[in-house]
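The values are calculated or read from the model by the stated rules, or taken from the named source; none is laboratory data. For clarity, every value in this text was computed on a predicted model and none was experimentally measured. All Cβ positions, even for glycine, are placed from backbone atoms using ideal geometry, and neighbour counts span all protein chains on display.
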Amino acid sequence: MTAAEGAERAPKIGTLVVDVRRNRVGEVMASAGGREWEASPCDVRPATASDELRVKVTEVNDRSRRERGMA
């Protein structure tokens, strides 16, 4: 694959995607390099509504656990 072909396949910054190799949902932050993790454009797919809901439920559960730990 050429660099131009890779750029065409890369999702746009801000897009919610699923890294199929790691089964992780994340927002595209940059097209090269990343703070959280890096994934090749061929290893990501657009996130579905179900994927987005999974992230939100995880965040709510994490927040609840932290709050109970502080009480």
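What to note about this one:
- When every residue of the range 64-71 is checked against the conditions, at least one turns out to be part of a loop (DSSP other than H, G, I, E, B), over 18 Å from G14 (Cα atoms) and either in contact with a helix residue (DSSP H, G or I) (Cβ under 9 Å, 6 or more places away or on another chain) or at pLDDT below 90 (or both).
- Remark: V20 matches the filter, which requires a residue to be surrounded by 12 or more Cβ atoms within 10 Å (Cβ to Cβ) and at pLDDT 90 or above.
- Every pair of residues 6+ apart whose Cβ atoms lie under 8 Å, when the first sits in the range 7-28 and is charged (D, E, K, R) while the second is part of a strand (DSSP E or B): D19/V25; D19/G26; D19/V44; R24/V18; E27/L16; E27/V17
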